[in-house]
2 protein chains.
Amino acid sequence: MVDIATRVWNHKWKIDPIVRSLIDTDFYKLLMCQSVRRYRPDVQVTFSLINRTKSIRLAELIDEGELREQLDHIRSLSLTRGESTWMRGNTFYGKRQMFTPDFMDWFENLRLPPYHLEVRDGQYELTFEGSWPEVMLWEIPALAVLMELRGRAVLDTMGRFEIQVLYARAMTRLWEKIERLRPHDGLKIADFGTRRRHSFLWQDWCVQAMQEGLGSSFTGTSNCLIAKNRDLEAIGTNAHELPMVYSALAESDEALARAPYDVLSDWHEEHDGNLHIILPDTYGTPGFLDRAPDWLAGWTGMRIDSGDPAEGAERAIRWWQSRGEDPTEKLVIFSDGLDAGKIIDLYQRFQGRVRVSFGWGTMLTNDFGGLTEGNSLAPFSLVCKAVEANGRPTVKLSDNPRKAMGPDAEIARYKRVFGVGEQEEMEVVV
Amino acid sequence: MVDIATRVWNHKWKIDPIVRSLIDTDFYKLLMCQSVRRYRPDVQVTFSLINRTKSIRLAELIDEGELREQLDHIRSLSLTRGESTWMRGNTFYGKRQMFTPDFMDWFENLRLPPYHLEVRDGQYELTFEGSWPEVMLWEIPALAVLMELRGRAVLDTMGRFEIQVLYARAMTRLWEKIERLRPHDGLKIADFGTRRRHSFLWQDWCVQAMQEGLGSSFTGTSNCLIAKNRDLEAIGTNAHELPMVYSALAESDEALARAPYDVLSDWHEEHDGNLHIILPDTYGTPGFLDRAPDWLAGWTGMRIDSGDPAEGAERAIRWWQSRGEDPTEKLVIFSDGLDAGKIIDLYQRFQGRVRVSFGWGTMLTNDFGGLTEGNSLAPFSLVCKAVEANGRPTVKLSDNPRKAMGPDAEIARYKRVFGVGEQEEMEVVV
């Protein structure tokens, strides 16, 4: 039976929208947005798209008109009543009213601000300027749109059964990962794959496969829309953009040195429990931990997002011990470049020594490498970052110099202020 | 958008029928049926299900009630007007009115005769008795029902995503075979996989994948319903049941020795061109060819359905040469236990020396081995054969003694009459 109404409806779409909801974004974006509105509401920022994989010439793959349509569509979105109800009424990390009525009133009326799009040297220069709490919400949808348009451009050239077999292969590949993970009781894995997902529908499939395949070892998703639709926990805490912007705003080297702790001090005020997760690597983890105030050692855990993950976790354990804390009560969240094998290795190494959990991103929701001719869906490294705050450049050093960003002079200054010496370079795949 | 009507319709089915049409069967069954009605309309036969893979205890896997429901449903089927129109109006092998008005009038009014079902030693004893032209039409639907019910029994124990991944793996596996076959220009392959297919929908998918993946190298399907629905050629000629029944009816050893040629003499009258395909192995190919009348050497080709296929084709080439025929104008159809690798090997060995084509069966439409836990969908060898004609047992020798069937004394007699000596045993997987 053909459902005539559905078919007609499908054919009258002007575009097939990639992002269809303002909460089709990472949970931590909304948490940080609320925090920024409280502590730094007037900061003006510029976010910019950065394709770290220069060999993938996005402007040659993706039609500019289609990209503009998708971005314009996102600007037309506003929070629906059901989405608002979910944010207001749900418990997040066991807490009710995580989002204040004031924030919700503002968010209900929000439309995303304008974007600026140019083509240079085969790449899109896509930037967003304006008030920090608004501009920051572009990051995830902008990335998701570019990732999915790239995929669609490749799929456009394929036959019907080729496409079906492509997804069959991708499903098989993910399920084999799930089967490798399943025997490891006590694993805790969340989906962190929104920003670089193959597509919304594919991420949604991956999440459901994880639910069925891993049961209680699958702890939830960073994607609020999927968490809402699938009755899952929304997962996430905070990200590098907070210390990056706070640091850019610092008026002196002393203020700069203090900025990353100011971020966490504000966060400490607002949150507790499982939201007290340290992200230590923005300007080099070793120095950050050495100079950290004692109250930070009381926080619940630490997220390891760059550098060698095992080394990062060992460092965290030593640091907690040095501050008189019991590491077995602490939580380490691994979230950088994970895949099934690495998850199992890290789990086996650290289980029992510390509580361990995993935020699995691109290789969960976009592992299509090698599945098409010419490897045309190979993963690549696309980010969208705050590059300026109140007219000053931001800087990130990370524990991997290949993830560093900012003007050279500022990078040198930050390295001096934060005492960062030689760092080991590691390949950035995704 | 949920299509309410479809959903309600789906839920009000009493059963999910496996065979939904009288032409969901092999084309050669209908050709042979017409021939039988012309030459041997009054013969009474018994067909019987034989599971050569004793380790698969079908009566423990498949619910008897479900099996009866499916068989009863088949008895309720009659030819639809559209099916009749297709059979009457279509060209088969380039010929119009392949089916005579007399045959079509009869077929339009046909319902399949009763079945007898018992359970013995973990197996179903399923037999059909009655007039040959009616009973013979049970073979393919009976096999398809048992194959699909076995699959459904396994799938019943699986989760939703497990099932999706199972099909994803099976699709990937078939597509990889198609990708191996694709570079070999000039290959001619037809689907012969109806009887032991995983399911109707899966066969239909396989056929469509072959269409997209192989283009003109995919020559059609033996399944009339799929040929009709997908606008493909219906493929097939004749099978062992003709010589088996003709032979069982022979009143003397002399008549027995002549019976296989009588079959082809009748066929010679009725058909020409690409339907003049010799199936030489019922009672041993070498003796059959040695004693064959010269007019048979003028036929278009030969189907190799047991024994070592390369040896069978070499024997055919030598035979044509010995009879003064040009093998490069003859057609060899391989149809026994094929898979992609074997198809390519045979094609490379014989292309140019003889015209080659392939009837790909079980490993096209039911290659689920190793895809489930405990290999619960491993292929197995199920047949449904004429075991009696007018009260006398039938015998098959084949070129592989493991495919032989009939009472021992009769097998010995047939071996004597047809001069069959030692034969090489080959494993029968499907």
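Here is how the numbers come out for the structure above:
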{"read-out": "Region A:137-194 - convex hull of the alpha-carbon atoms, volume per residue in Å³", "value": "78 Å³"}
{"read-out": "Förster radius 41 Å - calculated FRET efficiency between B:D16 and A:E424 (Cβ-Cβ, nearest 0.05)", "value": "0.10"}
{"read-out": "Selected from B:F200, B:I140, B:V245, residue furthest toward positive end of dipole (chain B; charges at beta carbon)", "value": "B:F200"}
{"read-out": "Label geometry 7 Å along the beta-carbon vector: B:D308 inter-copy distances in nm", "value": "5.8"}
{"read-out": "Check: the protein assembly as shown dipole with +1 on Lys, Arg Cβ and -1 on Asp, Glu Cβ, in debye", "value": "540 debye"}
{"read-out": "Solvent-accessible ranking of B:T85, A:T172, largest area first, probe 1.4 Å", "value": "B:T85, A:T172"}
{"read-out": "Ascending list, in nanometres, of distances separating the A:P183 label from those of the other copies (7 Å, Cα toward Cβ)", "value": "3.6"}
{"read-out": "Angle in degrees between helix B:160-181 and the longest Cα principal axis of chain B, rounded to the nearest 10", "value": "30 degrees"}
{"read-out": "Exercise: per-residue mean of other protein chain Cβ atoms within 10 Å, B:157-166", "value": "5"}
{"read-out": "Accessible surface of region B:1-113 [probe 1.4 Å, protein heavy atoms]: carbon and sulfur percent", "value": "49 percent"}
{"read-out": "Alpha carbon centroid spacing (whole Å) that separates region B:173-225 from region A:340-356", "value": "46 Å"}
{"read-out": "Helix B:340-350 vs. chain B, principal-axis angle (Cα, 0 to 90°, nearest 10)", "value": "20 degrees"}
{"read-out": "Per-q log10 I(q)/I(0), region A:163-365, q = 0.09, 0.10, 0.19 Å⁻¹ (Debye; single scatterer per alpha-carbon; no solvent)", "value": "-0.37, -0.45, -1.35"}
{"read-out": "Of every Cα-Cα pair in region B:191-305, the percent that sits beyond 19 Å", "value": "55 percent"}
{"read-out": "At 0.692 mPa s and 37 °C, Stokes diffusion of the protein assembly as shown via Kirkwood alpha-carbon radius, µm² per second", "value": "104 µm²/s"}
{"read-out": "Net charge, A:M104 excluded, C-beta distance under 12 Å - Lys, Arg +1, Asp, Glu -1", "value": "-1"}
{"read-out": "Using a 7 Å Cα-to-Cβ projection, B:K95 label spacings across copies, nm, ascending", "value": "8.3"}
{"read-out": "Helix axis angle, B:200-214 relative to chain B longest principal axis, alpha carbon, degrees", "value": "70 degrees"}
{"read-out": "Count of lysine pairs in region A:163-365 with Cα separation under 19 Å (8 or more residues apart, or interchain)", "value": "4"}
{"read-out": "Where the Cα pairs of chain A fall when distances are cut into 20 Å bins, in %", "value": "25, 61, 13, 0"}
{"read-out": "Fraction of accessible area attributable to carbon and sulfur, region B:167-365 (%, probe 1.4 Å)", "value": "44 percent"}
{"read-out": "Average accessible area per residue (Å²) across the protein assembly as shown - probe 1.4 Å, nucleic acids and ligands excluded", "value": "41 Å²"}
{"read-out": "Protein-only accessible surface order, largest first, of B:I4, A:I56, B:I277 at 1.4 Å", "value": "B:I4, A:I56, B:I277"}
{"read-out": "Protein heavy-atom accessible area occluded, B/A pair - total, 1.4 Å probe, Å²", "value": "2100 Å²"}
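The values are calculated or read from the model by the stated rules, or taken from the named source; none is laboratory data. Just so it is clear, the model here is predicted, and its values are computed rather than measured. Counting neighbours? That spans all protein chains shown, and the Cβs are built from the backbone with ideal geometry, glycine included. Note: accessible area is taken over every heavy atom of the protein model, side chains too, but ligands, DNA and RNA are not part of it. Shrake-Rupley method; radii C 1.70, N 1.55, O 1.52, S 1.80 Å.
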